[in-house]
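Read through the structure below, which is laid out as C-alpha cells, and then see the notes.
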Amino acid sequence: MRTISKKLNKEEIEAFGKEVDTLREEVMAKVGKEDADHIRFIYKTYRYTEVLGRGLIHFSFEPISFVAGTLLLSISKIINNMELGHNVLHGQYDWMNDPRFNSRTFEWDIVCNAHQWKFYHNYMHHTYTNVLNKDHDYGYNFTRLTEAQKWKPVHLTQPFTNMFLAMNFQWGIGAHGYRVEYLETPKKLRKKKTLNDYKALFFKKIELQLLKDYILFPALAGLNFPKVILGNLLANLIRNLWTYAVIFCGHFTENAESFTTDEIVGETKAQWYLRQLKGSSNLEGNNLFYTMTGHLSHQIEHHMFPDMPAKRYREVAPRLKEICAKYGQHYNTGSFVKQFASVWKRIIAYSFPDHIASKVMGKRKKFLEPTIVLSQPSFQVSLPSEEKSVTLT
Amino acid sequence: MKSFPFIYNEPREFLSSLQPKEWANFFLGELNPRFSVTATKAKVIEVKEETSDSKTIVLKPNWLWKGFASGQHVPVTVEIAGRRVTRFYSLSSHPNDKYLQITVKRQKGGLVSNFINQNIKKGDILELGEASGDFVLTKELPKDLLFLAGGSGITPIHSILRSLQTLNYTGKATLLYFVRSYDDIIFKSSFDSMQKNSNWLTVHYVFSDIPKEGYASGFLSKEILETYVPNLKSSSVYVCGPSPMQTKALSLLEGLPVKSELFLLPGQNVGKVKKEGTVDVFLTLSHKTIQVKGERSILEELEEQGIYPQSGCRMGICHTCVCKKQTGSITDLSNGETSQLGEENIQICVSRAESNLELEL
Ligand code: FES
C-alpha cells in the first residue's frame, strides 16, 4: 500500500505519541456520569427495540407491521452488537462496576462467544492491527488485500466470497474465533485444550442463537411461526450486512496500510499509535450514524483508545486530526459511500494478480515494501498446519 | 465440557442465557426504580440531620429485603459519578420499624460517607445487600450489659437498645458514649427519652475533645469504667468504635464476655507495607501485563492504573471480586497468610501481590 503520510524520524514519532497520550489522559479524566447515562440509554433502546420488534413481528397480520417489526429487531441487534456489546466488551465501562456493562459478564446477541471474541479481537486484532499473519481479522482468512499476500487463482472469487461473508458476517466472526484462539495457543499448551474444546464453546453459542431465533420465538407465535422465522432471518441478515460494511470500512479502504511481523519488532507505544492510525479509516456522518456504527465510524480513535467510552471519540476526533496534520500524517476519513466503494475497489483489485492489481491501486512507495517475503500466510478457509502459523517472539 | 445438544445437557445455563432476570429487572425498573427481582433496592423516604456531620437516611426497601437483627450491618451501594461503590453501614433502626434507617457520619476523606451526607436526598434509590454480622443480642439476655460506643459506632448500639426496650428488658444496661463534643452526640433525643421512660438504662456521654460542664471528658480508661459502671465485673460488653478505642477496651475488659465490631474504611484494615521495586501482574483474559508495588490490595493497585475489576464491599465479605490466580503468591490481608504459588481463587480486594502473578481477569 502506498503511504500518503510523511515519514517521521524517531524523535518525531515519540513526540507524536506524547501528544496522543496527553489527549487520552485529558479525555479519560472527564469520564463519568455522562458516559454512564449514555450506555444506560443505549441499553434501554436495545431492550425496547427488541420487545417492540419481536412484538410487531409476532402479531403482524399485514406487511407494514411485519416490516416495521423486522427493522426494529435489526436495529436492536445492531445496537446490541455495536454500541453496547462491542464497546462493553472492550472494557470501556468496567469502571462503572455494574455487571450489566462489565466486560467479564456481558454476553451478546450474536453467534460468537464473547470470551472468544475478546481474545481474538481485543487482544489479537487490537495489538497486531493490520499485521499480516498476526491480525486474523485482516481479510477474514480469505480476502487478499495487499501484494504481500501471494496471489492464487482462488482469489479471483473473492468478490463473491466477500458478498457471501457480508451476508453471513456473524458466522465468519464466530467461526474464525475459536480457530484463532487455538492457533495462538503455544504449542505445548494445546494438549491441555484441544481445538474441540474451543469449538464446543462456539457450537454452544450457535445452538443457543438458533434455538432462540428460529425455534423458541417462532413457537411462541403459534401458527404465525413462518413469519417469525422470516423476520428473524431478515433481521440477522440486515445486521450482518451493516456490521460487515462498517467493519470493512475500518481497515480495508485503499489507503489503509498493512504491516509485516518484522516491522513491529520492538515497537514503542508511539509507533503502535502510528500503526493504529495508518491501519484504520474513519467514516463521516451524523450522530445517529455514529451510534449505529458503535462509533466504529471513529475507527482511528477506537484503535488508539480502545478502552475509552466510545461516544468520547466524537470529541477526540477533531483534536487528533489536528495532531495528525501537525505531523504530516494522513488521517483517513470519508463518507460511508466513498469508503465502502474504496474497500470494494481494493477487494476487486487484489482478486487479480499483482500486475493488474497495482495498475488499479497505483504504485506503492518503496519504504513500505516488506523486507522479507513471508512464507505462505494462513489465509485459507481450512485449518493451517502447525508450521504455517507464525509466532512472534 | 458436555456436548451437543447443550440445551439438553445444560438446561439451566441455557435458560439463564436468555436473560429472563435481566428482562424482568429492566421492565420492573422502568415501572418503578425500586422494583427488581435480584437486587434489594430501597427508596429514600427521608433524610434527617443528626449532627453537623452526620445524617440519618430513612429507607423503604423492596420485597427482597429479608429483614435484620438489631446490631447488624448491610452493604449499601450508591452511584458516584456513574460508578457503583459499596460500603457497609449498621442499621440504626429497630427491626419492627416500618422503614429502615442508616446513620452515616462523614469520614475525613471518605468517598461514600461524604457523598451520602452531601448528595442523598428524598426519592433517591440505594441498593442494599443482605444484613449480616453477629454484633447482636444473645438469645438469653444477660443481667448486666455494658455498651461502649465511640463516634459513629453508636449506630448498631442504638438499634440494640431499642430492641431491649421492646423486649422489656429487666436487667441493668449502661451506655458509655465517647464522642468529640456535645454537638457530636448522635441520637441524643432518642437516648434521653429511652432513659426517661425506663429504669434499666443509664447513659453517660464522655467528651474527648471539647469538655462540657456536668459531663465527663477524656478517653476510655480504667477510671472512667470504675466511675460509671458499678456492675462492671458481671457485665456482658458490646464495643463498637474506632480501632484505638477497641484495642483499649479489649485490654481493660479482659476476662469479660465482649462482643466487638470494628468500623473501618475499606483499605484501613490493610497494614501498610512498604516495598522496594514492583512485581508483574499478567491479566490473562485481557493480555495485559502491569506493574504493581504490592503495597496495597491488588484491587486498589489495579484501579490506580485504570483497570476496574468488579468489586463490592472491598473488605473481603461479598466475594464480588473473586478471581482465579493461575500462578504466583499473594498475602491474604485479612489474616496475613501468604498463599501457595499454585492455582486458586482469591479475593483481590484483600490480597496483596507477593510475587509475579497471573490472574484470570
Ligand atoms: S469486593 Fe467484596 S470480597 Fe472483595
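The values are calculated or read from the model by the stated rules, or taken from the named source; none is laboratory data. Since the model is a prediction, treat every value here as computed from it, not as a measurement. Positions of Cβ are generated from backbone atoms using ideal geometry, with glycine treated the same way; all protein chains shown enter the neighbour counts. Ligands, DNA and RNA are excluded from the accessible area calculation, which covers all protein heavy atoms including side chains. Shrake-Rupley method; radii C 1.70, N 1.55, O 1.52, S 1.80 Å.
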Mind checking which pairs have a first residue in region B:69-90 that is without any contact (Cβ under 8 Å) to a residue 40 or more places away in the chain and within 13 Å of A:LYS33 (Cα to Cα) and a second that is away from the ligand (no atom under 16 Å from the Cβ) and open to solvent by 20 Å² or more (accessible area, probe 1.4 Å), Cβ under 8 Å, 6 or more apart or different chains? B:ILE80/B:PHE115; B:ALA81/A:LYS33; B:GLY82/A:VAL31; B:GLY82/A:LYS33; B:GLY82/A:GLU34; B:GLY82/A:ASP37
Spans of strands (runs of 3 or more DSSP E) in region B:191-295 with at least 2 residues more than 30 Å from B:CYS313 (Cα to Cα): B:201-207
Out of all the residues in region B:218-241, is one or more β-branched (Val, Ile, Thr), open to solvent by 40 Å² or more (accessible area, probe 1.4 Å) and either farther than 24 Å from A:PHE101 by Cβ or within 16 Å of the ligand (Cβ to nearest atom) (or both)? yes
Going through (1) on the phi > 0 side of the Ramachandran plot; (2) of a type outside the set (A, V, I, L, M, F, W, C); (3) within 17 Å of the chain's Cα centre (by Cα) one by one, A:ASN97 fails only at (3)
B:SER286 vs. criteria open to solvent by 40 Å² or more (accessible area, probe 1.4 Å), small (Gly, Ala, Ser), within 13 Å of chain A (Cβ to nearest Cβ) and more than 24 Å from B:PRO75 (Cβ to Cβ): yes
Members of region B:20-67 that are more than 14 Å from chain A (Cβ to nearest Cβ) and among the basic types (Lys, Arg): B:ARG34, B:LYS43, B:LYS48, B:LYS55, B:LYS60, B:LYS66
Checked region B:328-351 for anything in contact with a Cys (Cβ under 8 Å, 6 or more places away or on another chain) and open to solvent by less than 30 Å² (accessible area, probe 1.4 Å); matches are B:ILE346, B:ILE348, B:CYS349
Just to be sure I understand the filter: pairs with C-beta atoms under 8 Å, separated by 6 or more residues or on different chains, first member in region B:3-19 and within 7 Å of chain A (Cβ to nearest Cβ), second member acidic (Asp, Glu) and assigned to a helix (DSSP H, G or I). Which pairs pass? B:PHE4/A:GLU207; B:PRO5/A:GLU207; B:PHE6/A:GLU207; B:PHE6/B:GLU13; B:ILE7/A:GLU207
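Answer yes if at least one residue in region A:39-53 is part of a loop (DSSP other than H, G, I, E, B) and in contact with a Ser or Thr (Cβ under 6 Å, 6 or more places away or on another chain), and no otherwise. Before the answer, list the steps.
Residues of region A:39-53 part of a loop (DSSP other than H, G, I, E, B): none.
No, because not a single residue in region A:39-53 is part of a loop (DSSP other than H, G, I, E, B) and in contact with a Ser or Thr (Cβ under 6 Å, 6 or more places away or on another chain).
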Near pairs, Cβ below 8 angstrom, 6+ apart or cross-chain, from region A:16-43 (at the interface with chain B (Cβ under 8 Å from one of its Cβ atoms) and of a type in the set (Asp, Glu)) to any residue that is open to solvent by 60 Å² or more (accessible area, probe 1.4 Å) and assigned to a helix (DSSP H, G or I): A:ASP35/A:LYS311
When you go through (1) under 20 Å from B:LYS259 (Cα atoms); (2) open to solvent by less than 20 Å² (accessible area, probe 1.4 Å); (3) not in a loop (DSSP other than H, G, I, E, B) one by one for B:ARG162, which number turns out not to apply? (2)
Quick test for you: out of A:TYR123, A:TYR198, A:TYR138, A:TYR128, pick the one residue that is of a type in the set (Ser, Thr, Tyr) and open to solvent by less than 10 Å² (accessible area, probe 1.4 Å). A:TYR138
For the condition at pLDDT 95 or above, closer than 30 Å to B:LYS222 by Cα and outside the structural domain of B:CYS240 (by TED's automatic domain parsing), what is the one hit in B:THR103, B:THR138? B:THR103
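Looking only at region B:125-136, decide whether some residue is under 22 Å from B:ASP183 (Cβ atoms), within 17 Å of the chain's Cα centre (by Cα) and either among the aromatic types (Phe, Trp, Tyr) or surrounded by 22 or more Cβ atoms within 10 Å (Cβ to Cβ) (or both).
no
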β-branched (Val, Ile, Thr) and more than 14 Å from chain B (Cβ to nearest Cβ): is that true of A:THR49 in this structure? no
